[in-house]
Amino acid sequence: VAGKKAGLRMVRYWDLAASKGKGDWTVGVLMGMDRHNQVYVLDVKRVRENAHKVKQLILATARSDGRDVKIGFEQERAGAGKAQIDDLKRMLVGYSTVGVRPEGSKESRAAPYASAQQGGFVTLPESASWLHDFVEEHKVFPKGRHDDQVDAATGAFNLLAEAGPASAEMLDEMDTARLDRMMSAG
């Protein structure tokens, strides 16, 4: 769904795992924001795969999302983190990409996103294959076994919040029925 057609400014944020098969997940959350600061979680990709398959997923997802969806990546502080982000940016030439170095604790980074949730400003689809795991992980954060979906959602939310809401011009083009169908279909 193109951001202009849906009336949303959208980002996909990736929290990258270090290994395949155990431990952390690689998660990419697609999130949009309208001019009223209402946030929509539109899609979640969550895998445990090797680096090559993760890169394939990221590229396929970027193509599916479209070029007007900004792509963010959590960038680890070590030198390997910068090299990894540079490699992904090279692969995604033609897309808007950004590496984000996390600042502060996970809880402090998630605070604005949690506040928006509590205020009713974050909308989830009525049904989606990923919805149950996404909600359950949020319920136990920060004490749960995994926090990768929360990290990716926090990253997406923070990128959207930094840039501000969608423009009124984008919303004038919005097909409300299409957005409603998208949210109910997941």
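The values are calculated or read from the model by the stated rules, or taken from the named source; none is laboratory data. Remember, predicted model here, so these are calculated numbers, not experimental data. Cβ placement follows ideal geometry from the backbone for every residue including glycine, while neighbour counts extend to all protein chains displayed. When the accessible area is computed, the model is the full protein with side chains, heavy atoms only, and any ligands, DNA or RNA have been set aside. Shrake-Rupley method; radii C 1.70, N 1.55, O 1.52, S 1.80 Å.
Mind scanning 55/139; 89/143; 45/106; 45/70; 53/139 and naming the pairs with a C-alpha gap bigger than 24 Å?
55/139; 89/143; 53/139
Using a 1.4 Å probe on the protein heavy atoms only, what accessible surface does residue 52 show? Give it in Å² to the nearest 10.
Around 120 Å² of this residue is reachable by solvent.
Can you give the three extents of the C-alpha atoms in segment 55-139 along their principal axes, from longest to shortest, in whole Å?
37, 32, 21
Identify the residues of segment 131-155 with backbone N under 18 Å of a label point that sits 7 angstrom from the Cα of residue 64 along the Cα-to-Cβ direction, or state none.
131-134, 149, 152-153
Kindly write out, for segment 35-43 in residue order, the coupling ³J(HN,Hα) from the Karplus curve 6.51 cos²θ - 1.76 cosθ + 1.60 (θ = phi - 60°), rounded to whole Hz, with x marking Gly and Pro.
6, 9, 6, 6, 10, 10, 8, 9, 6
Given a Förster distance of 25 Å, report the FRET efficiency between residue 56 and residue 86 from their Cβ-Cβ distance, rounded to the nearest 0.05.
That pair, residue 56 with residue 86, gives E of 0.85.
Explain nothing, just the number: dipole magnitude of segment 30-90 about its Cα centre with +1 on each Lys and Arg Cβ and -1 on each Asp and Glu Cβ, in debye rounded to the nearest 20.
140
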